[in-house]
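The values are calculated or read from the model by the stated rules, or taken from the named source; none is laboratory data. The model shown is predicted, which means the values in this text are computed figures rather than measured ones. As a convention, Cβ positions derive from the backbone with ideal geometry for all residues, glycine included, and neighbour counts pool all protein chains shown. In case anyone asks, the SASA skips ligands and DNA or RNA and just uses the protein heavy atoms, side chains included. Shrake-Rupley method; radii C 1.70, N 1.55, O 1.52, S 1.80 Å.
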Amino acid sequence: MTTSDVRAALLSADPRLSKFSPLPRILAFDEFDSGTHGWTELLGNYNGRGDLSTVDDHMRDFRPPQLSACNFFDIGTHGALSGTYALKLATRPHKGHTAVAIRRLTMSGRGLVQLETYFAFKSEATLGGGAELDNFGDVQWDGNTHPSEAQFGAFTVATDLCGDGGLRYHTVARYQNTDLDNHFTRRWMAPTVPEPTPREHFEGKVKLEYAADFTAPNPEDWQAFGEPQELCYNEVPTKVNWHYLRWLIDTDKRRNVELQVNDRVMDMRDVPVPPYEERYETLENLLNFYFSVRTHSSVRNFLFLDSVLISVDW
Amino acid sequence: MTAVLERDTTFDTRFATEPYEVAWAGEARWFVQHIGGDGTATYVTQVSPDGITWCDLDALEHVVEPGKLVSWPVTGFGHWLRLRAKVEGSVQVRIHLAVKA
């Protein structure tokens, strides 16, 4: 029996780990039933006096992640996959608003990095109102499909990486459920430009308004990859079905590799990873991951994470 | 855990904070700081069965004046907390919610 056989046996015999497929070294295993595990709110940068009015408008309100029992008005506590609590990202009920949770590490090597998670996405339930609320976007409530699904905009998993003398770049995968007009698109996308930064604002190069898409503000700077994919919203806003996501990147080549979401594996090697032209300081070996959720309606959007596992081959 | 539910936001009319889930917590405490503006606001803790429909937790009103930091504990809450506020004048508000198991 080889070392890898023993490792595989140990992983498969562990009910907490056997639902993942980690690379050889596990950097983080975050079951949110026991806390937030370092996933925290993202905030833009501020001046030397702690003056938060110097934070970029589009990066000042990403909302604190919550430990959620997935409580709902109709059934009470839904609970998570691995216990009672999940990490919940919740937007404001403001079109374009984004909630972001970030986890901050550094790299002790280069090579493959893999993020796995079990996630669910929901819109907040609407209570009351008239019969017109049975319609939204492309949906007319028919006992199966529900307008709530069309009120969900997009969620994103991404990195912020820097090294080798301040060369900074992001890898990004976004599931766009609806476009900004609330029509279903159900596709995976990535930006073709790097994310605007506080330094670019400081230098007068960019100024974005509140609720701008901070990852890449211009919709034309996004490019679809893979084929459209329908996920399991499960009819109404209060049923939570957990989806598996596995995302592999290569920090040696500074490229995406592949994205698996449930039974679909998408080759991402040709998805652009545009670096910043200018070098960044104080970020050597930066290894950040973030999840975000963005509403395209005036309804709160939620991204629930049961657990996250980050592993590497170095 | 500490959540910053409003971060230097300016209000000149009544408002409520975003819903925050505290099902896991046994203790909670609000910290409300007026860091700008010349107005005064009155805060009341609210609870909810679902994060959508809200009622006052108690009859206690907490008045915060310009430049002041006011704090109060919260007990006997359910799975959600928020604040509602009545504002006189203009207030710039920073609101922390500290929660413990």
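Answer yes or no: is there a residue in segment B:59-80 that is under 13 Å from the mean Cα position of the chain (by Cα) and under 24 Å from A:Ala99 (Cα atoms).
So in segment B:59-80, the residues under 13 Å from the mean Cα position of the chain (by Cα) come out as B:60-64, B:69-74, B:80.
Within this subset, residues satisfying the condition of being under 24 Å from A:Ala99 (Cα atoms) are B:80.
Yes, the conditions are met somewhere in segment B:59-80.
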**OP:** Count, please, the residues in segment A:40-74 that happen to be out of contact with any helix residue (DSSP H, G or I) (no Cβ under 7 Å at 6 or more places or on another chain), over 14 Å from B:Arg7 (Cβ atoms) and within 10 Å of chain B (Cβ to nearest Cβ).
**Re:** 9
Subject >> Residue ID - surrounded by the fewest Cβ atoms within 10 Å (Cβ to Cβ), chosen from residues in segment A:226-257 that are assigned to a loop (DSSP other than H, G, I, E, B) and among the acidic types (Asp, Glu) >> reply: A:Glu230
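How many residues are among the hydrophobic types (A, V, I, L, M, F, W, C) and open to solvent by 30 Å² or more (accessible area, probe 1.4 Å) if we restrict to segment A:203-221? Don't jump to the end; show me each part of the working.
If we filter segment A:203-221 for residues that are among the hydrophobic types (A, V, I, L, M, F, W, C), which is where we start, we get A:206, A:208, A:211-212, A:214, A:216.
Narrowing further to those that are open to solvent by 30 Å² or more (accessible area, probe 1.4 Å): A:206.
Count: 1.
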**OP:** Write out, first by first residue and then by second, each pair whose Cβ atoms fall under 6 Å of each other, whose residues are 6+ apart or on separate chains, and whose first residue, in segment A:300-314, is under 18 Å from A:Pro15 (Cα atoms) and hydroxyl-bearing (Ser, Thr, Tyr) while the second is open to solvent by 10 Å² or more (accessible area, probe 1.4 Å) and in a loop (DSSP other than H, G, I, E, B).
**Re:** A:Ser307/A:Ser82; A:Ser311/A:Pro22; A:Ser311/A:Leu23
Original post:
Which of the residues belonging to segment B:5-30 are in contact with a Ser or Thr (Cβ under 7 Å, 6 or more places away or on another chain), within 14 Å of chain A (Cβ to nearest Cβ) and open to solvent by 30 Å² or more (accessible area, probe 1.4 Å)?
Top reply: B:Thr10
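For every residue, the table says whether it meets (1) among the polar types (S, T, N, Q); (2) surrounded by fewer than 15 Cβ atoms within 10 Å (Cβ to Cβ); (3) not in a strand (DSSP E or B).
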site	(1), (2), (3)
A:Phe119	no, no, no
A:Leu127	no, yes, yes
A:Gly143	no, yes, yes
A:Ser148	yes, no, yes
A:Phe152	no, no, yes
A:Ala158	no, no, no
A:Leu161	no, no, no
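Identify, from the list A:Thr77, A:Thr98, A:Thr91, A:Thr84, the residue that is touching a helix residue (DSSP H, G or I) at 6+ places or on another chain (Cβ under 9 Å), closer than 30 Å to A:Gly128 by Cβ and within 11 Å of chain B (Cβ to nearest Cβ). Spell out how you get there, then give the answer.
Values: A:Thr77 fails: touching a helix residue (DSSP H, G or I) at 6+ places or on another chain (Cβ under 9 Å); A:Thr98 fails: within 11 Å of chain B (Cβ to nearest Cβ); A:Thr91 fails: touching a helix residue (DSSP H, G or I) at 6+ places or on another chain (Cβ under 9 Å).
Going through A:Thr77, A:Thr98, A:Thr91, A:Thr84 in turn, just one is touching a helix residue (DSSP H, G or I) at 6+ places or on another chain (Cβ under 9 Å), closer than 30 Å to A:Gly128 by Cβ and within 11 Å of chain B (Cβ to nearest Cβ): A:Thr84.
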Original post:
Going by the structure shown, is B:Thr2 open to solvent by 50 Å² or more (accessible area, probe 1.4 Å), more than 12 Å from the chain's Cα centre (by Cα) and within 11 Å of chain A (Cβ to nearest Cβ)?
Top reply: yes
Original post:
Looking at (1) of a type outside the set (Asp, Glu); (2) surrounded by 18 or more Cβ atoms within 10 Å (Cβ to Cβ); (3) under 18 Å from B:Asp8 (Cα atoms), which is the one condition that is false for B:Arg84?
Top reply: (2)
**OP:** Please specify each residue of segment A:7-26 satisfying the condition of being open to solvent by 60 Å² or more (accessible area, probe 1.4 Å) and of a type in the set (A, V, I, L, M).
**Re:** A:Leu10, A:Ala13, A:Ile26
